[in-house]
Amino acid sequence: MVTFSQKNVKLYLNDKYWGIFSRNTLIKPIQRGTLRIKAECEGFFSDSITFEINRSIRYSHNFRLRSTSSGVLKIKSELGVFVEIDGDNLGKNKPEGFVLAAGARSVKLTRAGYVPYQELIDVTEGEEIVRDITLEPKSMNEALYRSALFPGWGQEYSDRDPAFVQYSNLSAIASIAGVQMMYSYYTTQWNTSYDNYANAKTTEDVQKYRAEVDKYHASMESMLKARNVTIALFIFTYSYNLLDIVVNDPSLSASNLKKINNQILPNHNIALSIMNGQPQIKYQLTF
């Protein structure tokens, strides 16, 4: 039995013309011995198969003729690598490769915990292109360098959610800026009140401006303490940002761990059902 997806396929039996067949499936009785079947179709590359017929069983082959206006890209890399071509995700890498239309194709390889690889490959009609690509694992030093420059950048580089680290550090910086602005404001008010106190002519003005000097001085002291607290908070969040990179190896992506965790199913289940018009609660325990 021979199957093919194209119409008007020429078949050759042991290099002798067999005929043109338009049906997708051909079933013919054959004699024992060596049998070579060759398929040809206009606009497609020919294909052939050789059988050793030694007993009475059904032999079958599916001819997958490849268009002459396309090429095949085979990537020698880990099978767990995801392949993107011209922005389209084609799934995991396949040993048989990918049939691509001729022209310049942008190929990108990604894998959790590894640095993405991208290359522009010129696909030629009828050509089989083989690329031996090894993805480089993401390094802790690179992640530390990024997070040292901008907190959260290293987490994003490590395929992890950087939101908590980014927001906590930005909040600490915003707190420092806000406290510093209030300290500058109270300092300006204290200087003004002190000048008024120094130039006061009456007892009432002396007492009034003296009270203002004391009030703004107390506010300045409070802002100094608050500034120290916010600086300590920033040091803590920044240090946590770096420690988080050290504890979580970038090669172990959080997204990959999440996929693994999702495959671990609980050994028990509680479900609510209705039987004979009455609600029931079922508990199932799997050993």
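What the table shows:
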| read-out | value |
| --- | --- |
| For residue 78, solvent-accessible area (1.4 Å; no DNA, RNA or ligand), Å² | 60 |
| All lysines inside 30 Å of residue 92 as judged from Cα atoms, apart from same-chain residues fewer than 8 positions distant | 74, 76, 108, 138, 258, 259 |
| Formal net charge of residues neighbouring residue 212 (Cβ-Cβ distance under 14 Å; K, R +1; D, E -1) | -1 |
| Sorted peptide list for 227-238, 123-134, criterion being average Cβ within 10 angstrom, highest first | 227-238, 123-134 |
| Full-extension gain in nm, residue 180 to residue 120, via 0.36 nm per residue minus C-alpha separation | 16.5 nm |
| Debye log10 I(q)/I(0) for the stretch 179-236, one point scatterer per Cα, at q = 0.22 Å⁻¹ | -0.76 |
| Cα gyration tensor shape of the stretch 134-207, rounded if a/c is under 1.5, else prolate or oblate by comparing a/b with b/c | prolate |
| Mean separation of Cα contacts under 8 Å, 6 or more apart, over the residue count of the stretch 57-166: relative contact order % | 24 |
| Protein-only accessible surface order, largest first, of 120, 243 at 1.4 Å | 120, 243 |
| Other-chain or far-sequence residues with amide H under 5 Å of residue 112's (modelled H) | none |
| Over the stretch 59-130, equivalent-ellipsoid semi-axes from the Cα gyration tensor in Å | 23, 16, 9 |
| Heavy-atom accessible surface of the stretch 142-254: percent carbon and sulfur, 1.4 Å | 61 |
| Highest average packing first - 202-215, 99-112, Cβ atoms within 10 Å | 99-112, 202-215 |
| Projected area, mean over directions - the stretch 9-154, Cα convex hull, nm² | 12.5 |
| Heavy-atom accessible area ranking, 1.4 Å probe, most first, across 63, 51 | 51, 63 |
| Radius 15 Å from Cβ of residue 16, net charge of other residues (Lys, Arg +1; Asp, Glu -1) | +2 |
| Charge context of residue 81, other residues only, Cβ under 11 angstrom, K/R +1, D/E -1 | +3 |
| With DNA, RNA and ligands ignored, accessible area of residue 140 (1.4 Å probe; Å², nearest 10) | 60 |
| Nearby lysines by direct alpha-carbon distance to residue 201 (threshold 16 angstrom, same-chain neighbours under 8 apart not counted) | none |
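The values are calculated or read from the model by the stated rules, or taken from the named source; none is laboratory data. It should be emphasised that the depicted structure is a prediction, and the values quoted were computed from it without experimental measurement. Heads up, the Cβs are rebuilt from the backbone with ideal geometry, glycines too, and the neighbour counts pull from every protein chain shown. These area figures cover heavy atoms from the full protein model, side chains too; ligands, DNA and RNA do not enter into them. Shrake-Rupley method; radii C 1.70, N 1.55, O 1.52, S 1.80 Å.
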